[in-house]
Amino acid sequence: MLSNLKFISSSRSSGKLEFFELHFVVQANNFMEMKDFITLGQNVHCDRICCKQLANWGTFSKEEYQARANQLPHHPRHNEFLAILADPIFQEPLENLHDLLHLLENPKD
């Protein structure tokens, strides 16, 4: 994957691509890796890094979604997730918290 990202990065640098954006769907099993993902995006010189909350498009049962969706205030790891979002790395110009931004403004939502 890293070699593919470097290839895409070089294509962006040479003008073959107009825009290079990475997406990260945040959930209970990966939110601890968010900062590393931001650093990866910075290292491969992408234009934007977008972190999005997990949505249930019918993929998960209600129970499984509730167990994975740590953006929900009642999730057992919600406060741990909010602490990670408070890191200054999420204020970087490349970072777009998309539908997670409200959690910085109103953590109880």
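Quick note: the coordinates plus some simple rules give every number you see, no bench work behind them. Computed from a predicted structure; not experimentally measured. Please note: Cβ atoms are built from the backbone with ideal geometry, for glycine as well, and neighbour counts cover all protein chains shown.
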Original post:
Only one of (1) of a type in the set (D, E, K, R); (2) surrounded by 15 or more Cβ atoms within 10 Å (Cβ to Cβ); (3) over 18 Å from the mean Cα position of the chain (by Cα); (4) not in a helix (DSSP H, G or I) fails for Lys52. Which number is that?
Top reply: (3)
**OP:** Could you tell me which residue of the stretch 59-89 is surrounded by the most Cβ atoms within 10 Å (Cβ to Cβ), considering only residues that are hydrophobic (A, V, I, L, M, F, W, C) and in contact with a helix residue (DSSP H, G or I) (Cβ under 7 Å, 6 or more places away or on another chain)?
**Re:** Phe81
Original post:
Taking only pairs six or more apart or across chains, which ones have beta-carbon atoms under 6 Å, a first residue in the stretch 47-72 that is within 30 Å of Ser10 (Cβ to Cβ) and touching a residue at least 40 places away in the same chain (Cβ under 8 Å), and a second residue that is buried (at least 16 other Cβ atoms within 10 Å of the Cβ) and β-branched (Val, Ile, Thr)?
Top reply: Ile49/Ile38; Cys51/Val26
Subject >> Count - residues of the stretch 17-48 that are not hydroxyl-bearing (Ser, Thr, Tyr) and not in a loop (DSSP other than H, G, I, E, B) >> reply: 19
